[in-house]
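Enquirer: Before I ask anything, let me first share the structure, which is written out below as structure tokens.
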Amino acid sequence: MTAWDDPKTIQILQRSLREWYQTQGRDLPWRNTTDPYHIWVSEIMLQQTQVKTVIPYYYRWLNQFPDIETLANSSLESVLKLWEGLGYYARARNLHRAAQKIVHEYNGVFPQQLSEVLKLPGIGRTTAGGILSAAFNQPVSILDGNVKRVLARLIGLQTPPKQAINQLWEVSDALLDSNHPREYNQGLMDLGATICTTNNPSCLLCPWGDYCHSLQHNLQTEIPMREASSPLPKKEIGVAVIWNDQGQILIDRRPQDGLLGGLWEFPGGKIEDNETVSACIQREIAEELGINIEVGKHLMTINHAYTHFRVRLNVYHCRYLEGEPEPIACDEVRWVKPEQLSDFPFPKANTKIIDAIVQGSTSQG
Ligand code: SF4
């Protein structure tokens, strides 16, 4: 019999985790509320971002969008602007869409049924479990990245967690304390975040040490097992900062769907094989905006890594020559003054370009 199918052991694990959480759990802003909207926002922000980064965004968000209805009635642009710098912008777009769905289909009240919560954009099984257990004390299990690591170590999982997701969900379900699901799930998250950390877990302080397969067999550094990883592909991009004679710059808004959807950017595109950066920029601008430009001085080169690829942005000052800019491959185009750039939500990789433009235009007077 293993730890997660022996009722007595399960009870001990549940109780020891709860007692540990009551004295060692983290005091986080979203723990002092049972408002499902607040908890939902925190869960989404925490999906790919660390707690200390999330906290100021969480407060700013609730200040600007204090309830579901306000969020639903706000523009997507204001939502993306607030999210700027947090990355993974699909999260913000989904929060906005889900708020509209809740207003239209649930009278603005966050649903309490797991099956209904799972229909909301951007909410998967573990996020639903996090929200329902924290807001309504419902016995719904969770399995985020931290929890996968804790459970993999606890049971001594001999494959990478990705290849054993069903098994890990079974363990998470089996261990869930149905009498205290809120405290149990939050304790489990905190155990992963503060004790059973990726490197150097503090096993001596762990409430589960006596039952942990990895600790008993000294396998904490080997488990969870890693997948063999291949290097990320790299894309070379030509980027144009296009100036007109009035000292304005042309920016465009990316289509809603896809990577960085709805964000503004400096136009450009992928450099083809055997193409120079200048030729790429001229071609992309003609194809995507229908105008002719002259490529001028190099402004900067930026390397940036996304989850599945890396990019190198080769940024050039350009001069507008002729044609009426049209949003052929984007949603909108606009001429703006350098000082207006900060009013628009841009991807993180573009921040350095904006800083250089603003500094350049200020130093030129
Ligand atoms: S004993 Fe160590 S490896 Fe096992 S769950 Fe606790 S912190 Fe993680």
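Enquirer: Would you confirm whether any residue within segment 110-119 is of a type in the set (Lys, Arg) and within 15 Å of Glu43 (Cβ to Cβ)?
Expert: no
Enquirer: Could you list, in sequence order, the residues of segment 283-303 that are more than 12 Å from Gly268 (Cβ to Cβ) and open to solvent by 50 Å² or more (accessible area, probe 1.4 Å)?
Expert: Correct list: Asn292, Glu294, Lys297, His298, Thr301, Asn303.
Enquirer: With respect to Glu326, is the statement that it is outside any loop (DSSP other than H, G, I, E, B), farther than 17 Å from Ile237 by Cβ and without any contact (Cβ under 8 Å) to a residue 60 or more places away in the chain true?
Expert: The answer is no for Glu326.
Enquirer: Just one of the numbered conditions (1) under 22 Å from Ser133 (Cα atoms); (2) touching a His at 6+ places or on another chain (Cβ under 6 Å) is not true of Leu76; which one?
Expert: So Leu76 meets the others, but not (1).
Enquirer: Which one of the conditions (1) within 19 Å of Asn199 (Cβ to Cβ); (2) within 16 Å of the ligand (Cβ to nearest atom) does Gln158 fail to meet, given that it meets all the rest?
Expert: Condition not satisfied by Gln158: (1).
Enquirer: Still on this structure, I have one more. Looking at segment 1-58 only, could you name the residues that are among the small types (Gly, Ala, Ser) and either touching a residue at least 40 places away in the same chain (Cβ under 8 Å) or at positive phi (or both)?
Expert: The answer is Ala3, Ser16, Gly25.
Enquirer: I would also like to ask the following. Does any residue of segment 235-254 turn out to be at positive phi, buried (at least 20 other Cβ atoms within 10 Å of the Cβ) and part of a strand (DSSP E or B)?
Expert: Within segment 235-254, not a single residue is at positive phi, buried (at least 20 other Cβ atoms within 10 Å of the Cβ) and part of a strand (DSSP E or B).
Enquirer: A further question on this structure: Out of all the residues in segment 186-198, which are within 16 Å of the ligand (Cβ to nearest atom) and either of a type outside the set (Ser, Thr, Tyr) or in contact (Cβ under 8 Å) with a residue 24 or more places away in the chain (or both)?
Expert: Gly187, Leu188, Met189, Asp190, Leu191, Gly192, Ala193, Thr194, Ile195, Cys196, Thr198
Enquirer: To continue, here is another question. Would you please name the residue that is farthest from Gln22 (Cα to Cα), looking only at residues in segment 198-223 that are of a type in the set (Ser, Thr, Tyr) and open to solvent by less than 60 Å² (accessible area, probe 1.4 Å)?
Expert: Among residues in segment 198-223 that are of a type in the set (Ser, Thr, Tyr) and open to solvent by less than 60 Å² (accessible area, probe 1.4 Å), the one farthest from Gln22 (Cα to Cα) is Ser214.
Enquirer: Shifting gears a bit: Please go through segment 199-232 and pick out each residue that is under 28 Å from the mean Cα position of the chain (by Cα) and either within 10 Å of the ligand (Cβ to nearest atom) or more than 30 Å from Arg312 (Cα to Cα) (or both).
Expert: Across segment 199-232, the qualifying residues are Asn199, Asn200, Pro201, Ser202, Gln220, Thr221, Glu222, Ile223, Pro224, Met225.
Enquirer: Please work out which one of (1) within 16 Å of the ligand (Cβ to nearest atom); (2) within 22 Å of Leu46 (Cβ to Cβ); (3) surrounded by 15 or more Cβ atoms within 10 Å (Cβ to Cβ) is the condition His180 fails and give its number.
Expert: (1)
Enquirer: Does Glu77 qualify as being more than 10 Å from the chain's Cα centre (by Cα) and modelled with pLDDT under 95?
Expert: It is true that Glu77 is more than 10 Å from the chain's Cα centre (by Cα) and modelled with pLDDT under 95.
Enquirer: Is it the case, given these coordinates, that Ile165 is within 24 Å of Asn32 (Cα to Cα), open to solvent by less than 60 Å² (accessible area, probe 1.4 Å) and of a type in the set (A, V, I, L, M)?
Expert: Answer is no for this residue.
Enquirer: Residues of segment 304-318 being surrounded by 13 or more Cβ atoms within 10 Å (Cβ to Cβ) and among the hydrophobic types (A, V, I, L, M, F, W, C), which ones?
Expert: Matches in segment 304-318: Val311, Leu313, Val315, Cys318.
Enquirer: So, in segment 26-60, how many residues would count as being among the acidic types (Asp, Glu), open to solvent by 70 Å² or more (accessible area, probe 1.4 Å) and either assigned to a helix (DSSP H, G or I) or outside the structural domain of Gly87 (by TED's automatic domain parsing) (or both)?
Expert: Going through segment 26-60 one residue at a time, the tally reaches 0.
The values are calculated or read from the model by the stated rules, or taken from the named source; none is laboratory data. Since we're looking at a predicted model, the values are computed, not measured. Neighbour counts are summed over all protein chains in view; Cβ atoms, including those assigned to glycine, are modelled from backbone coordinates with ideal geometry. Surface areas here come from the heavy atoms of the whole protein model, side chains and all, with no ligands, DNA or RNA. Shrake-Rupley method; radii C 1.70, N 1.55, O 1.52, S 1.80 Å.
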